[in-house]
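Data first, discussion second: the structure below is written as structure tokens.
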Amino acid sequence: MSTPSPIPAPARAAATEHCGRDLVLTEITDRRGSAVWKAAGHKGAAAVKVGRGDGVEITAREAAALAALNTDYFVGGGVTHGLAWLLTDWLEGPSTWEVFGPVRAGGVDREQAVAAAADLCAAVAGLHASGWVHADLQPSHGIHTDTGVQLIDLAWAWRPGWDQGIKFNGGLTHLLSPELAAAILTGDKPVAVTRAADVYALAGTIWTCATGRWPLDYQAAGISPKTCSPHELRQHIATGRVPVTADRPWPDLQNVLLPVLLDDPADRPTASELGKTLQAP
Ligand SMILES: Nc1ncnc2c1ncn2[C@@H]1O[C@H](COP(=O)(O)OP(=O)(O)O)[C@@H](O)[C@H]1O
Ligand SMILES: [Mg+2]
């Protein structure tokens, strides 16, 4: 007997219709209740995301957010036989993390990386202008295509009034702003994710891409992130007393990002302002 496919039949049918015959599926990731495959056929390629268990509700909400946002790379989605799925055009291009790879390896051409960082800021500014926040910005969630940056993994994207679910914990903990960490800890839902919290994660994303390290120096604060639970890490972050790493491999860029990571939310720039400052000579 053959092993049942982890991709539900309607998702496979939608992928075949979109990508064409001779569909080849390649697994990209499988973690925390959802898996992503690249589907490629004679007409083109798509990403198939399938949520199971806890991931059902989260993947279904991502599909709903993509539809509500009118995202041009969204193809379709559904829930069937206890699985949620969504289909998106395959976005061709490197992630922000990948764009910065040569810089982290010691390359001297930093101009291209700064331009990519500004493109990422512009994409976030566009999302904010539509009244939404991403709520889980991270180095792999911006894809730099020929026509601009597309933000992916909109599972936690939110606007006031949108069903956030009860599982939202602030997105990637290492890029969680102190005020959002504090809001998560209260346990009250929905957690009002602000543009300022997104801008903190945006600056932290660029910092991480540029330095290869998360912005906060847990060791200096006597914290071991490997033995700490995410809840304990949030408690530390919420104090606002975990220092930013002292490494300055790229002082010009880091000096723009540092105040964003340290200042009060009200004093943070907008995503658009941050992009412009990064590109200022
Ligand atoms: N539309 C897409 N185009 C290209 N790559 C994608 C697309 N969607 C997802 N991916 C790839 O799959 C990875 C995981 O997707 P993501 O939505 O972040 O899932 P997870 O919830 O597991 O973090 C991404 O980092 C990216 O490499
Ligand atoms: Mg992701």
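Only the coordinates and a few stated rules stand behind these numbers; no lab work does. Just so you know, these numbers come straight off a predicted model, no measurement behind them. All Cβ positions, even for glycine, are placed from backbone atoms using ideal geometry, and neighbour counts span all protein chains on display.
Some observations on this one:
- Largest GNM mean-square fluctuation across Ala192, Ala40, Ala221, computed for the chain with C-alpha springs under 10 Å, falls on Ala221.
- GNM result for the chain, Cα springs below 10 Å: residue of Lys226, Lys43, Lys189 fluctuating most strongly: Lys226
- Centroid-to-centroid, using Cα positions, the stretch 200-254 and the stretch 32-106 are 27 Å apart.
- Backbone amide hydrogens, once placed in the peptide plane, bring Ala157 within less than 5 Å of nothing, excluding anything fewer than 5 places away on its chain.
- Each 10 Å bin from zero holds the following percent of Cα-Cα pairs in the chain: 6, 28, 33, 23, 8, 1, 0.
- Taking Cβ atoms as reference points and 13 Å as the exclusive limit, the residues near Phe100 contribute a net charge of -1, counting Lys and Arg as +1 and Asp and Glu as -1.
- Residue among Gln254, Gln112, Gln138 with the largest mean-square fluctuation in a Gaussian network model of the chain, springs linking Cα atoms under 10 Å: Gln112
- Karplus (6.51, -1.76, 1.60) ³J(HN,Hα), θ = phi - 60°, over the stretch 29-39, in Hz, Gly and Pro reported as x: 8, 7, 7, 6, x, 8, 10, 10, 10, 8, 10
- Taking a sphere under 15 Å around the Cβ of Thr277 and counting the other residues whose Cβ falls inside, with K and R at +1 and D and E at -1, yields a net charge of -3.
- Helix-only mean residue ellipticity at 222 nm for the chain, each DSSP H run of n ≥ 4 adding -39500 (n - 2.57), per residue, nearest 500: -11500 deg cm²/dmol
- Amide H to amide H, with H built 1.01 Å from N, Gly76 comes under 5 Å of Leu87, counting only residues 5 or more places away or on other chains.
- Electrostatic bookkeeping for Gly55 treats Lys and Arg as +1 and Asp and Glu as -1; over the other residues with beta carbon under 11 Å from its beta carbon, the sum is +2.
- Alpha-carbon radius of gyration plus Dmax, which is the widest Cα pair, for the stretch 113-234 in Å: 14.6, 44
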